[in-house]
1. For the condition part of a helix (DSSP H, G or I) and within 27 Å of ALA313 (Cβ to Cβ), what is the one hit in ILE471, ILE489, ILE440, ILE495?
2. Just give me the residues in segment 174-213 being in a loop (DSSP other than H, G, I, E, B) and aliphatic (A, V, I, L, M), in sequence order.
3. Do we find a residue being surrounded by 17 or more Cβ atoms within 10 Å (Cβ to Cβ), of a type in the set (Gly, Ala, Ser) and modelled with pLDDT of 75 or more anywhere in segment 279-302?
4. Looking at segment 100-114 only, could you name the residues that are under 21 Å from the mean Cα position of the chain (by Cα), more than 10 Å from ALA149 (Cα to Cα) and of a type in the set (A, V, I, L, M)?
5. Quick one: count up the residues across segment 156-169 that are closer than 23 Å to PRO220 by Cβ and either surrounded by fewer than 24 Cβ atoms within 10 Å (Cβ to Cβ) or not hydrophobic (A, V, I, L, M, F, W, C) (or both).
6. Would you point out which residue out of LEU121, LEU88, LEU103 is farther than 21 Å from SER218 by Cα and either surrounded by fewer than 16 Cβ atoms within 10 Å (Cβ to Cβ) or of a type in the set (Lys, Arg) (or both)?
7. Could you identify the single residue in ALA113, ALA29, ALA78, ALA39 that is assigned to a helix (DSSP H, G or I) and crowded, with 21+ Cβ neighbours inside 10 Å?
8. On the given criteria, is ALA153 in contact (Cβ under 8 Å) with a residue 24 or more places away in the chain, surrounded by 15 or more Cβ atoms within 10 Å (Cβ to Cβ) and in contact with a Lys or Arg (Cβ under 7 Å, 6 or more places away or on another chain)?
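The values are calculated or read from the model by the stated rules, or taken from the named source; none is laboratory data. Model, not experiment: these values are computed from the prediction. Neighbour counts run over all protein chains shown; Cβ positions are idealised from the backbone, glycine included.
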Amino acid sequence: MLGRQTFALVERSLRVDTRLKRTHFVRLAFAGLILLLLAQVQIGINNYSSPGRDVFRNICWLNFFLLNLAGLSFFSTAITEEKEEMTLGLLRMAGIGPLGVLLGKVSPRLISAVLLLSVQLPFTFLAITLGGVNTHQIMAAYVALLTFAVMLAGLGSFISTICERSNVAVSIMTGILAGLYVGPVLAHKAADGMLRKKWILAETMGSIDAKLSYIEGSTPWISLFSERGILSTNFNGPLLGYQPLVGLITGTLFFGLAWAIFDACTRNEIRVAPARGLMALFSKRVTAGGNRVWNNALAWKDFNFLTGGTIAASIKFVSYIILMGSMAVLIARELRSDLMDSIGGTLILSMLTALLVEIPIYLSRIFREELRWQTWADLVLLPHSIGWLVRNKLLGILPTFIPAALVFLFGAIISPGFLQDTLRKTFLEAQGLYLLSQYILGLHLIVLLSLGVKWGALPFGIALVVVPNVIFVAACGMRPTLWQYAIPITAAVVICGVSQKLIGEKLRNLAST
């Protein structure tokens, strides 16, 4: 029997959530965003072949993107937050069992996601009047998104139960989602290569493709946006198709697993210590002998404890070499001309992607760790300004980018033409400057948010940049002009300046608390 204590934490969480003004503001803002997108498409209706379907596709992309961000930070840290605060014991002393804790931490987050989707529904139906989409498609799309949220909630509850740290839980969730989206594509290419080499039979290839299609179809990536998906013309599939059923079953299964192993994973409450990177894998004698403290102890600390130090950089460099070498072999087998340019271009783009991903990850943690372990106030007592502390903390994470920079440099040497073309498109064309300005804006917002939120500064910062840009691109009819690009570029410069000032003030205020 489920007693009242099972739902006590759920009731409290929902009561707190409904009394927060920001909760209703976010829902209102999202509904207003949908209405704004519809109004913009209506104004420029002549630029669209199927206005209703086009605007609804943008809405679905936005929801799918935000749900993935929620999976990375909102769902995957439900239980790890309590572990890090060492409050699970207090909850158990209050008579709340494993099911009550899981429901109290996971279900309010799932309900928030469901309400955020449901508040859009009345406005989304207006897309029908624009043409190209019908009621059945809208309902099927939201069923797909809602069940995907259930899957993320269940998976997040399981991961956060078995993990001790929130950053580890986020990393595991990121790997799982990346595997769902990228894994089937890579597996198909590998199987196709083995088929051409006659290492496997055609029947085996067909069986592999069938299994991979089941994996691909488990997310809205395929069920919504494929050629025969919900957003395709004349869709008449069931509301509760394969992907919604998989989402419901997977979410329920992982939630049940989290319930089953909850006691075993939380029986011994261990105080979580500050992260020590990969140095923790080696003995003190090994690390101390070859890794003496630099003259700049603050930079040394962040390099070794925040980024993993020389060990992590070496592993990263070897991994890049192996990965890029394998890609070079594949390219050499496929191409017969312009081989060096193709390999160099691949190296440049791959390392740029790696850097673009790594930089915001480390920036989101650079002050978060100091605030979390209450060491920022001690650092400010040093006879240096806050600006000096910030610069040296940034200096501490710079060496971790050396492996990617070296591989990038090698690619630039063997393909200088591709490098020149990339630099020209980035710094001399309006679209490149626009994307660069929004990326730099995202970095500033991530750092600023990391000073005020426990977890999720990275996905929240990304969302704050992506959502306004979706509105901007939709307002420009998907093809912004040169002068239209000047608006978000100028806004990014201004907001970055304001953000720098706010970051400085926030750091000074946090030092006195």
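1. Exactly one of ILE471, ILE489, ILE440, ILE495 is part of a helix (DSSP H, G or I) and within 27 Å of ALA313 (Cβ to Cβ), namely ILE440.
2. ILE200, LEU201 - these are the residues of segment 174-213 that are in a loop (DSSP other than H, G, I, E, B) and aliphatic (A, V, I, L, M).
3. Scanning segment 279-302, I find at least one residue that is surrounded by 17 or more Cβ atoms within 10 Å (Cβ to Cβ), of a type in the set (Gly, Ala, Ser) and modelled with pLDDT of 75 or more, so the answer is yes.
4. The answer is VAL106, and nothing else.
5. 3
6. Working: LEU88 fails: either surrounded by fewer than 16 Cβ atoms within 10 Å (Cβ to Cβ) or of a type in the set (Lys, Arg) (or both); LEU103 fails: either surrounded by fewer than 16 Cβ atoms within 10 Å (Cβ to Cβ) or of a type in the set (Lys, Arg) (or both).
None of the others qualify; the one that does is LEU121.
7. Step by step, each of ALA113, ALA29, ALA78, ALA39 is checked, and only ALA113 is assigned to a helix (DSSP H, G or I) and crowded, with 21+ Cβ neighbours inside 10 Å.
8. Here the answer is yes, as ALA153 does meet what is asked.
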